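Trainee: Handing you this structure, nothing more for now.
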């Protein structure tokens, strides 16, 4: 059975989770569920980046210990599982998971043995929000392009990684497709960054500046491992990379058929340049695919904790439900480009697609089976292959698969919705109520056509429920149950997607 290992980025826990990370979780979850649904074996990993200086500063501002802050906020990230219906198999925390530190030490020592780590004194412009040194030409009006703050001037002795050594190898890796970066615009950006010339980067911080928080550098107690060097390794420490005999690491990373990172565009450099170079240095396989999503915005501005416009996803679910939020995230967020979130847009999409479109179709279908055939789907009926809705059902799997191959969640969900639209048009075209009236008057051909119509509608709705599974897992289960779980007897109809009362 083919195996896929899929991960999200691990977010800082300087505050509670916001809607931007919820989007990434849902995207990774849809990708994981889709692969499981197609018969793959999947391991889905997420977690939290606990060892950031941002977390230390947040704890200081609150007057609590760093440990207390990261424990509290990491629990909030892990608790997104149920309200968002996320199917992750593993959750790693870089400050407390016993798997993590041994794996970081193993990779560090491997890079050192390869001659890729050296010490030097360094002075540079450092953005704590990004946990990244910037060159002056990378700033926008003197400020960090991600957080719009002026970086700090930092001067200290650090360990450096010889990133420059891997420029040609990284270029070949990406150009050959062995490291696939989606979408193409992000791939081209990465290649452009590499071709400008790679500079070695600092991979440690002084214990003093880190306030003693972080993983100590092996054999150098004056330094802690740079948070990004530490955090990136979580993808394999969760697989027990710290144990050279790890069967899990061999199964999912070394011999797995597909490794996928789902990340935001602001951290592309770390994942598509630094991370594969670190793995190459340690003599380990690189990931197969990196999917990069754009940002959500509110009033045209990126959602961010530091920007003060974070939206709590749990509060949205508490009011409108997981179906509404998950559906908005897959239907409204483009593969390339940003999506602006508002509650009215979420409600409008839910009502148009789910309440009016899909919910109405299933309710009409089940109601007609009860009204005209006493709740039992007619048997022995051959579906009309030339009907557009039957063709839509026959092709939807391939359309979803092709869209999901490109991580185009909007197109994949649109393919499912096209079957809904075709089925609703079919209802209006064949008019089962008119056929029922004629059949009641003794027209045997009308009775036969009614059976065909009802079977076609049930088949279409069941196809939709099946393909909807990765996107709306709970709703798909409700639909399947409403449609008799593929048995002839259907339960009485009940609303699948109740409408929201709006002003």
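The values are calculated or read from the model by the stated rules, or taken from the named source; none is laboratory data. Just so we're clear, the structure is a prediction, and the values are computed from it rather than from any experiment. As a convention, Cβ positions derive from the backbone with ideal geometry for all residues, glycine included, and neighbour counts pool all protein chains shown.
Trainee: Might you check whether a residue that is surrounded by fewer than 22 Cβ atoms within 10 Å (Cβ to Cβ), within 20 Å of residue 395 (Cβ to Cβ) and at pLDDT 95 or above occurs anywhere in segment 428-444?
Mentor: Yes.
Trainee: Restricting attention to segment 192-217, report how many residues are in a helix (DSSP H, G or I) and surrounded by 16 or more Cβ atoms within 10 Å (Cβ to Cβ).
Mentor: Of segment 192-217, the ones in a helix (DSSP H, G or I) are 192-195.
Still in the running and surrounded by 16 or more Cβ atoms within 10 Å (Cβ to Cβ): 194.
Summing the residues that are in a helix (DSSP H, G or I) and surrounded by 16 or more Cβ atoms within 10 Å (Cβ to Cβ) in segment 192-217 gives 1.
Trainee: Return the only residue of 106, 81 being within 30 Å of residue 69 (Cβ to Cβ), at pLDDT 90 or above and over 25 Å from the mean Cα position of the chain (by Cα). Explain how you work it out, then say what you get.
Mentor: Values: 81 fails: over 25 Å from the mean Cα position of the chain (by Cα).
Step by step, each of 106, 81 is checked, and only 106 is within 30 Å of residue 69 (Cβ to Cβ), at pLDDT 90 or above and over 25 Å from the mean Cα position of the chain (by Cα).
Trainee: Counting just the residues of segment 172-181 that are in contact (Cβ under 8 Å) with a residue 60 or more places away in the chain and over 30 Å from residue 53 (Cα atoms), which one comes out surrounded by the most Cβ atoms within 10 Å (Cβ to Cβ)?
Mentor: Ranking the qualifying residues of segment 172-181, first place goes to 174.
Trainee: Select from segment 277-301 the residues that are assigned to a helix (DSSP H, G or I) and touching a strand residue (DSSP E or B) at 6+ places or on another chain (Cβ under 9 Å) and write down the one among them that is farthest from residue 199 (Cα to Cα).
Mentor: Within segment 277-301, the subset assigned to a helix (DSSP H, G or I) is 277-281.
Still in the list and also touching a strand residue (DSSP E or B) at 6+ places or on another chain (Cβ under 9 Å): 277-278, 281.
Numbers: 277: 12, 278: 14, 281: 15 Å.
The extreme case among them is 281.
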